[in-house]
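Here's the structure, in structure tokens; my notes come after.
The values are calculated or read from the model by the stated rules, or taken from the named source; none is laboratory data. Please read all numbers here as calculations on a predicted model, not as lab measurements. Ideal geometry is used to build each Cβ from the backbone, glycine not excepted, and the neighbour counts take in all protein chains shown. Keep in mind that these areas ignore ligands, DNA and RNA; they rest on the heavy atoms of the full protein, side chains included. Shrake-Rupley method; radii C 1.70, N 1.55, O 1.52, S 1.80 Å.
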Amino acid sequence: MYYISMDLDRNKKYVFAISGGPDSMALLDMGIKEKYDFVVCHVNYRKRKQADLEMTGVKDYCKSHGIRCFVLNEEYVYTGNFQAFAREYRYNFFLDTVNKYNLDGIVCAHHLDDLIETYLMQKERNLDVDYFGLKQISLYKGVGLYRPLLKFRKRELEEYCLNNNVHYFIDESNLSNDYTRNTIRNTQGSLMSDEEIDKLLLEIEKLNDHKKKILENIEVFLSDFKVEVDKIISLNMEERLIFYREWFNKYIGKYSYSKAFLIEIDKIFNSSKNSELQIHQALLVKSYKV
């Protein structure tokens, strides 16, 4: 594959999130060839010996093509899951750059394999999410997040880099199974044929269409943080679980709410007892019929 075309608004200015891997370096090269208006952001987590080489490689590539490159390379402290921390750490950096330079959005190099891995991970964790897989356009804290490469598999982007003489780095940590996503990638996603991928994409499309219809049906119940219990329990079980997640997203915050947790919430709604439950920084209160 010698050429891949992206579909981005040429009237907008972007942050391109570039790690130095084949996906993001293909994205960077396409952005240059197609003459999009963008700056580059790169994060050095200092966790691997190769990290400094990747940082230098991205900076040099940008310099040789006259692209402004901003690098986050600082000491940091985190607790808990590193991948969860790293995601917020880098996206906040991208967001700060968007706001500082009056840009219009963030462009990421997520591809078809990422979409499939995300869906398989959602299924494995039994998550009740607002969307299965990855959206081509979504929001991060009110800023547009664009994924123009979702139609292409990782191997196609690697082929693009080879055919266009684009140098890239391989993150050796992705080859280990230390994280759930890596395990899914190395034992399932990357091994799937194109036919298997197409079958999963159809499955994802059907699930998202079904969820969209339910969301349209429950929209009227999401207008107020005070809800009448009788109206909610009149919904079927699937509708109620989606309602709880959407209601929490709107009034408490966008966290990962497992299906098991939502089922416990449903028990509270269906109980005749009054209840209080701490959820993150909020207190859920059920008092009689409200």
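Can we say Gln188 is at pLDDT below 90, surrounded by 14 or more Cβ atoms within 10 Å (Cβ to Cβ) and under 14 Å from the mean Cα position of the chain (by Cα)?
Numbers: at pLDDT below 90: yes; surrounded by 14 or more Cβ atoms within 10 Å (Cβ to Cβ): yes; under 14 Å from the mean Cα position of the chain (by Cα): no.
Here the answer is no, as Gln188 does not meet what is asked.
Please go through the stretch 29-50 and give me each residue that is more than 14 Å from Tyr14 (Cα to Cα), open to solvent by less than 60 Å² (accessible area, probe 1.4 Å) and in a helix (DSSP H, G or I), ordered by number.
Asp29
Within the bounds of the stretch 243-253, is there any residue that is over 24 Å from Lys141 (Cβ atoms) and polar (S, T, N, Q)?
No; the residues of the stretch 243-253 include none that is over 24 Å from Lys141 (Cβ atoms) and polar (S, T, N, Q).
How many of the residues in the stretch 106-157 are without any contact (Cβ under 8 Å) to a residue 12 or more places away in the chain, closer than 25 Å to Glu216 by Cα and basic (Lys, Arg)?
1
Scan (1) under 25 Å from Ala84 (Cα atoms); (2) surrounded by fewer than 16 Cβ atoms within 10 Å (Cβ to Cβ) for the single condition Ile242 breaks and write down its number.
Unmet condition: (2).
As an exercise: evaluate Val77 against (1) more than 27 Å from Arg155 (Cα to Cα); (2) modelled with pLDDT of 95 or more and give the number of the one condition it does not meet.
(2)
Scan the stretch 151-172 for residues that are aliphatic (A, V, I, L, M) and open to solvent by 40 Å² or more (accessible area, probe 1.4 Å) and jot them down.
Leu162, Ile170
If you check every pair at least six apart or on different chains, which have Cβ atoms under 6 Å apart with a residue in the stretch 214-236 that is in contact (Cβ under 8 Å) with a residue 40 or more places away in the chain first and a residue that is part of a helix (DSSP H, G or I) and open to solvent by less than 50 Å² (accessible area, probe 1.4 Å) second?
The qualifying pairs are Val229/Phe269.
Could you list all residues from the stretch 91-150 that are open to solvent by 70 Å² or more (accessible area, probe 1.4 Å), under 18 Å from Glu205 (Cα atoms) and polar (S, T, N, Q)?
Asn126, Gln136
Checking the condition within 26 Å of Tyr78 (Cα to Cα), more than 21 Å from the chain's Cα centre (by Cα) and acidic (Asp, Glu), which residue from Asp52, Asp37, Asp29 passes?
Within the list Asp52, Asp37, Asp29, the selection yields Asp52.
Restricting attention to the stretch 133-151, which residues are aromatic (Phe, Trp, Tyr) and modelled with pLDDT under 95?
Of everything in the stretch 133-151, just one residue is aromatic (Phe, Trp, Tyr) and modelled with pLDDT under 95, namely Tyr140.
Looking at Tyr78, Tyr61, Tyr89, can you tell me which residue is over 20 Å from Arg147 (Cα atoms), of a type in the set (Ser, Thr, Tyr) and touching a residue at least 40 places away in the same chain (Cβ under 8 Å)?
Matching residue, one of Tyr78, Tyr61, Tyr89: Tyr61.
Take the residues in the stretch 261-286 that are loosely packed, with under 11 Cβ neighbours inside 10 Å and within 31 Å of the chain's Cα centre (by Cα); name whichever of them is nearest to Val129 (Cα to Cα).
Among residues in the stretch 261-286 that are loosely packed, with under 11 Cβ neighbours inside 10 Å and within 31 Å of the chain's Cα centre (by Cα), the one nearest to Val129 (Cα to Cα) is His280.
Identify, please: which residue in the stretch 152-176 is farther than 15 Å from Gly20 by Cβ and assigned to a loop (DSSP other than H, G, I, E, B) and is, among those, modelled with the lowest pLDDT?
Step by step, filter the stretch 152-176, then rank; the result is Ser176.
When you go through (1) without any contact (Cβ under 8 Å) to a residue 40 or more places away in the chain; (2) hydrophobic (A, V, I, L, M, F, W, C); (3) open to solvent by 40 Å² or more (accessible area, probe 1.4 Å) one by one for Leu53, which number turns out not to apply?
Condition (1) is where Leu53 drops out.
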